[in-house]
1. How many residues are in contact with a Gly (Cβ under 7 Å, 6 or more places away or on another chain), closer than 17 Å to Ser39 by Cβ and buried (at least 22 other Cβ atoms within 10 Å of the Cβ) if we restrict to the range 212-262?
2. Kindly list the number of the only condition in (1) more than 18 Å from the chain's Cα centre (by Cα); (2) within 14 Å of the ligand (Cβ to nearest atom); (3) aliphatic (A, V, I, L, M) that fails for Ala219.
3. Among the residues that make up the range 296-303, is at least one of them out of contact with any His (no Cβ under 7 Å at 6 or more places or on another chain), at pLDDT below 95 and of a type in the set (Ser, Thr, Tyr)?
4. Looking only at the range 161-180, how many residues end up being hydrophobic (A, V, I, L, M, F, W, C), assigned to a helix (DSSP H, G or I) and either crowded, with 23+ Cβ neighbours inside 10 Å or touching a Phe, Trp or Tyr at 6+ places or on another chain (Cβ under 8 Å) (or both)?
5. Output the residues belonging to the range 291-313 that are surrounded by fewer than 18 Cβ atoms within 10 Å (Cβ to Cβ) and either hydroxyl-bearing (Ser, Thr, Tyr) or in a helix (DSSP H, G or I) (or both).
6. Is at least one residue of the range 73-85 in contact with a Phe, Trp or Tyr (Cβ under 6 Å, 6 or more places away or on another chain), modelled with pLDDT of 95 or more and within 16 Å of the ligand (Cβ to nearest atom)?
7. Hey, could you check the range 149-160 for residues that are under 15 Å from Pro298 (Cβ atoms) and away from the ligand (no atom under 12 Å from the Cβ) and say which is surrounded by the fewest Cβ atoms within 10 Å (Cβ to Cβ)?
8. Output the number of residues of the range 193-211 satisfying the condition of being within 11 Å of the ligand (Cβ to nearest atom), surrounded by fewer than 24 Cβ atoms within 10 Å (Cβ to Cβ) and within 21 Å of Thr55 (Cβ to Cβ).
Amino acid sequence: MTNSTPEDVPGLRLETIAVAAGRPHGPGAPLNPPIVAASTFEAGGAGEYSRGDGTDSVRALEAAVAALEGGERALAFASGMAAISAVFDLLDPGARVVVPDDSYQGVATVVADGERRLGWEVMRLPTADTDAWLAAIEGSDLVWVESPSNPMMEVADVPAICAAARAAGVRCVVDNTFATPLLQRPLDLGATASVHSATKYLGGHSDLLAGVIVTDDPALALAVDHRRTYGGATIGTLEAFLTLRGLRTLPLRLGRAQANARTLAARLAEHRAVTRVRYPGLEGDPGFDLARRTLAGPGAMLSLETVGNARSADIRVSRLRLIRAATSLGAVETTIERRAKLVGQEHIPPTLLRLSVGCEHVEDLWADLDQALNGLVSDSEAER
Ligand code: PLP
């Protein structure tokens, strides 16, 4: 067995693939791919310049993510936005694009730029309105899905949308950042590609920026590889090493964070200072049924709205002692952010707080949230 790779062993579960894929193998091989700190390589080998060819560290990460997503080819990028932009950059002037009306703010910006500069015809659809999505697919050049959505936590019927896009011969790309391949494998459902901000759950420690595209479509792989090489958005070797190191514990981290999120969502929904919780694992949530049907679990992201106004929500956040007010998500530590404060996010309810639930003890998280929410904030106090 010394020379067999995990990729050769049929039927491995995702938890095993996360641990085993992308490792060097053979007698004397290190168990972890080395950090190959080289921009250039002596001529005549497989790769000569790491902007286009990557390094062993990069290829190991790509092999592992491709195995987890069940895809032919993964390409790692310098950030999630670099990966996302590589896909949108392929669209011609006048292209017709279907996107969620609550897409991640970076995607919304890229799409608005394309609309203004290149005359893209953009259809922005409510994530959960499956009929609208199915009606919009025919004649489109790109269907972009994000589920669950950031930060509204809407759930899309990813299987139905991917199947319809495939039947219509339309490229369909799923941003799988929130779900991760553990909860949703878009390529199995017919998507052309699955895209990640690997900065989030795949890396999992808030210590790097990375992005990945996984696809079974050789033409798309070639095209985004070209964009990566000539856009110069190749992932750094150290970032690739760290992302792969983080990936090893993804199932453990996500399992714990999801269990924490379930508990917190249920308690927050009963809290007198909370007016609304959105979490696809919460019975009664608009996304509950779809999530149960389309995802292997509801994940570890949730949002809550609080009594009062934006200022009082900010005051509550400032009272947190353990949970950090920080953007980004998907790490071992719990973070919170009032998303409507960001430019271009005016459609988000003013008091909505996005909570990225981490791996701490759930009772410590609850104690912190409870004390921060309980401090009475009247509107007059908030307006001072
Ligand atoms: N997609 C989603 C769902 C995100 O939340 C983010 C970042 O927050 C991105 C893409 C962009 O990734 P990055 O920040 O790694 O460029």
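1. 1
2. Unmet condition: (2).
3. Going through the range 296-303, the residues out of contact with any His (no Cβ under 7 Å at 6 or more places or on another chain) turn out to be 296-303.
Those left that are additionally at pLDDT below 95: none.
No.
4. From the range 161-180, those hydrophobic (A, V, I, L, M, F, W, C) are 161-165, 167-168, 170, 172-174, 178-179; that's our starting set.
The next check asks that each one be assigned to a helix (DSSP H, G or I); those that pass are 161-165, 167-168.
Restricting the remaining residues to those that are either crowded, with 23+ Cβ neighbours inside 10 Å or touching a Phe, Trp or Tyr at 6+ places or on another chain (Cβ under 8 Å) (or both) gives 161-162, 164-165.
Qualifying residue count, the range 161-180: 4.
5. Arg292, Arg293, Ala310, Arg311
6. Let us first name the residues in the range 73-85 that are in contact with a Phe, Trp or Tyr (Cβ under 6 Å, 6 or more places away or on another chain), namely 83.
Now restrict to residues that are modelled with pLDDT of 95 or more: 83.
Among the residues that remain, those that are also within 16 Å of the ligand (Cβ to nearest atom) are: 83.
There is at least one residue in the range 73-85 that is in contact with a Phe, Trp or Tyr (Cβ under 6 Å, 6 or more places away or on another chain), modelled with pLDDT of 95 or more and within 16 Å of the ligand (Cβ to nearest atom).
7. The selected residue is Glu154.
8. Of the residues in the range 193-211, 2 are within 11 Å of the ligand (Cβ to nearest atom), surrounded by fewer than 24 Cβ atoms within 10 Å (Cβ to Cβ) and within 21 Å of Thr55 (Cβ to Cβ).
The values are calculated or read from the model by the stated rules, or taken from the named source; none is laboratory data. Quantities reported herein were computed from a predicted structural model and do not represent experimental measurements. Note: ideal-geometry Cβ built from the backbone for every residue, glycine included; neighbour counts use all protein chains shown.
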